[in-house]
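Please treat every number below as a calculation from the coordinates, not as lab data. Remember, predicted model here, so these are calculated numbers, not experimental data. Virtual Cβ from ideal backbone geometry, glycine too; neighbours counted across all protein chains shown.
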Amino acid sequence: MENQLFIYNTISRKKEKFESIIPQRVGMYVCGPTVYGDAHLGHARPAISFDVVFRYLQHLGYKVRYVRNITDVGHLENDSDSGEDKITKKARLEQLEPMEIVQYYVNRYHRDMEALNVLPPSIEPHASGHIIEQLEMIEKIFNNGYAYLSNGSVYFDVLKYNEKHQYGKLSGRQIEDLYEYTRQLQGQTEKKSAYDFALWKKANPEHIMRWNSRWSEGFPGWHLECSAMGTKYLGEYFDIHGGGLDLQFPHHECEIAQNIAANQTEGVKYWMHNNMITINGQKMSKSLKNFISLEELFSGQNNLLLKPYSPMTVRFFILQAHYRSPLDFSNEALSSSEKGFERLMNAVKTLEKIVPAQENTVDVENLRNSCYEAINDDLNTPILIANLFDGVKIINSIYDGKEKINQENLLIIKQIYNDFVFNILGLKDEAKNSVENQETLKNVVDLLLNIRLSAKQNKDFATSDKIRQELGKLGFEIKDKKDGFEWELKK
């Protein structure tokens, strides 16, 4: 069968056959987090959705440059060029440097992504580290007649742009209908039109993060960072740009306008957007008190949770819905995902126990083809998982002696589950990892205690006592015996 990926392109509103601009090389840019708080379910969904895209493109043999940015400057509270910078506000309230806030939450974001088995991107640029590139892009937009200066701030002239190009083509909005999406906000009197958006904002006296420019001492607008960094690392025209549906307008819409105004190209061939997560039918929001961080989800320390859920349960839960479909969180849904994930892992373990027969009664090629058909159909992970569960029935039938499989087909079905479960869906057997970690811990402690034993025999009591004391501080209880030692880790 032809193994060809089709993806839904937001800008054309249809599924398109994926063909990279440069053969066997893919440039992919995904909007990463604004790091002023702990990662939550809303951060997990795009990270996992585009991790599957990244993994599958690599599986198909593409060399992928995956760029996922960190927003650490310019993202104002209301996303509409007014209010306080989110990170500056956090830094002011906690009396820390803004980059302390950034580093703290970036570290925690990375920890949570590693727990979810999300692969790190090829490049993870920070907006604050690319001020020069953003200033250069503003100059281009200015020189091409699509920007204007007002009280030290620089704004994109949307009406001027719309005379030759269509502002709203990504989200399907018409410019005359945009009044309902704009509000009279602080500082908006600086603009020629309510549609216009900031490329550069003059900093107020209390604003901490600021840079010099020929217009004023200030900071870049939020939308500019992705256009500038995408161009720097992937070129003026690259394959895939992804992010959450909430970014489609205005963020990605503004990106297209900036790209055309600066470089005379839309910048992106395929636009991809994952849908949102709701909690018991409501939008997740701190004001509604239904906000769950990933750390709380993994530990169970939230009043909305009946118990903790493992990272792989959360990943499996997200993958059970198509990335473009809305996904509603509930304890019932997570518990169901937990059982489904356990059933899948048990089937993989059962595969290792099967002894091949001389004859074969199962059609593993049909299973493999159905899995590829699902993933090639706009990365349809719920159908892929359903097909894998059809395979689980086959595996159990073989193990129970109701079906037979020969050596060749056993190797094929093992490869199917290794490829799709672990390499493409990015799941991992947490129980196996736990056993491996325990074995590693045992080996390390035994090594230290054998070194201690040698030190005692050589009358190096200082080293012997030091090892015992330090292990004791970590909770290890050590008993010396005539023929060696025993130890246990106290609860």
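Using +1 at the C-beta of Lys and Arg and -1 at the C-beta of Asp and Glu, which of Gly218, Leu447, Asn290 has the Cα lying farthest in the positive direction of the dipole of the chain?
Leu447
Calculate for the chain the 222 nm mean residue ellipticity that helices alone would give, adding -39,500 (n - 2.57) per DSSP H run of length 4 or more and normalising by residue count, nearest 500 deg cm²/dmol. Please list the in-between numbers first.
Working: 15 runs with 208 residues, N = 491.
Rounded to the nearest 500, the figure is -13500 deg cm²/dmol.
Going by amide H atoms built from the backbone, whose H comes under 5 Å of the H on Ala357, apart from near neighbours?
Residues meeting the criterion, in which the H sits 1.01 Å from N, are Ile405, Asn406, Gln407.
For each of Thr265, Thr381, Thr34, count neighbouring Cβ atoms within 10 Å of the residue's Cβ, then give the residues from fewest to most.
Numbers: Thr265 13, Thr381 24, Thr34 21.
Sorted ascending by nearby Cβ count, the order is Thr265, Thr34, Thr381.
Working out 0.36 nm times the residue gap between Gln264 and Phe389, then minus their Cα-Cα distance, what length gain in nm do you get to one decimal? Kindly include the intermediate steps, with their values, before the conclusion.
Numbers: separation 125, 0.36 × 125 = 45.00 nm, distance 4.80 nm.
Extra length from Gln264 to Phe389 when fully extended: 40.2 nm.
Rank Gly300, Gly83, Val64 by how far each Cα sits towards the positive end of the charge dipole of the chain (+1 on Lys, Arg Cβ; -1 on Asp, Glu Cβ) and give me just the farthest.
Gly300
Given R₀ = 51 Å, FRET efficiency for Tyr237-Asn396 by Cβ-Cβ distance, to 0.05?
Values: r = 49 Å, r/R0 = 0.97.
That pair, Tyr237 with Asn396, gives E of 0.55.
What spacing in nm lies between the two simple spin-label points modelled at Glu352 and Thr278, each 7 Å away from Cα in the Cβ direction?
4.2
Can you compute the charge dipole magnitude of the chain about its Cα centre, using +1 on each Lys and Arg Cβ and -1 on each Asp and Glu Cβ, nothing else charged? Give it in debye, rounded to the nearest 20.
Values: 59 positive and 67 negative charges, 144 e Å.
In debye, rounded to 20, the chain gives about 700.
For the ranges 397-406, 149-158, 457-466, 11-20, what's the packing order if you count other beta-carbon atoms within 10 Å of each residue, average per peptide, and put the highest first? The partial results should precede the final answer.
Details: 397-406: 15.3, 149-158: 19.6, 457-466: 12.0, 11-20: 13.6.
In decreasing order of mean packing, 397-406, 149-158, 457-466, 11-20 become 149-158, 397-406, 11-20, 457-466.
Could you compute the net charge surrounding Glu190? Neighbours are other residues with a C-beta less than 12 Å from the C-beta of Glu190; K and R count +1, D and E count -1.
+2
In the neighborhood of Val118, defined by Cβ-to-Cβ distances under 13 Å, what is the net charge if each Lys or Arg adds +1 and each Asp or Glu adds -1?
With Lys, Arg at +1 and Asp, Glu at -1, the neighbours total +2.
As an exercise, use a Förster radius of 41 Å and the Cβ-Cβ distance of Lys428 and Gln407 to find the FRET efficiency, rounded to the nearest 0.05. Walk me through the numbers on the way to the answer.
Details: r = 27 Å, r/R0 = 0.65.
Taking R0 as 41 Å, the efficiency between Lys428 and Gln407 is 0.95.
Under unit Cβ charges (Lys, Arg +1; Asp, Glu -1), what dipole magnitude, rounded to 20 debye, does the stretch 432-489 have relative to its Cα centre? The partial results should precede the final answer.
Details: 11 positive and 11 negative charges, 37 e Å.
Once rounded to the nearest 20, the dipole reads 180 debye.
Can you compute the charge dipole magnitude of the stretch 40-142 about its Cα centre, using +1 on each Lys and Arg Cβ and -1 on each Asp and Glu Cβ, nothing else charged? Give it in debye, rounded to the nearest 20. Don't jump to the answer; show the numbers that get you there.
Details: 12 positive and 16 negative charges, 112 e Å.
The calculation lands at about 540 debye.
Please give every one of the lysines within straight-line cross-link reach of Lys14, meaning a C-alpha to C-alpha distance under 21 Å, and leave out same-chain neighbours fewer than 8 residues apart.
Within reach: Lys169, Lys269.
In what order do Tyr417, Tyr29 fall by count of nearby beta-carbon atoms within 10 Å, going from fewest to most? Numbers along the way, then the final one.
Working: Tyr417 20, Tyr29 30.
By the 10 Å Cβ count, ascending: Tyr417, Tyr29.
Computed FRET efficiency, Cβ-Cβ of Gln95 and Ile175, R0 51 Å: what is it to the nearest 0.05?
Numbers: r = 44 Å, r/R0 = 0.86.
So the FRET efficiency works out to roughly 0.70.
Gain in length, Asn151 to Leu288, computed as 0.36 nm per residue apart minus the alpha-carbon separation, to one decimal in nm? Don't skip to the end; give the middle numbers.
Values: separation 137, 0.36 × 137 = 49.32 nm, distance 3.78 nm.
Additional length available on full extension: 45.5 nm.
According to the square roots a ≥ b ≥ c of the eigenvalues of the Cα gyration tensor, what is the shape class of the stretch 6-274, taking rounded for a/c under 1.5, prolate for a/b larger than b/c otherwise, and oblate for the remainder?
Numbers: a/c = 1.74, a/b = 1.17, b/c = 1.48.
Oblate, because a/c is 1.5 or more while a/b does not exceed b/c.
Report the label-to-label distance for Asn418 and Tyr104 in nanometres (one decimal), using points 7 Å from each Cα along the Cα→Cβ vector.
In this crude label model, Asn418 to Tyr104 measures out at 4.5 nm.
Hey, rough spin-label estimate for Ile123 and Ser12, points 7 angstrom out along Cα→Cβ, what's it come to in nanometres?
2.6
If one puts a single equal scatterer on every Cα of the stretch 432-489 and applies the Debye formula without solvent, what log₁₀ I(q)/I(0) results at q = 0.19, 0.30 Å⁻¹?
So the normalised log intensities are -0.68, -1.31.
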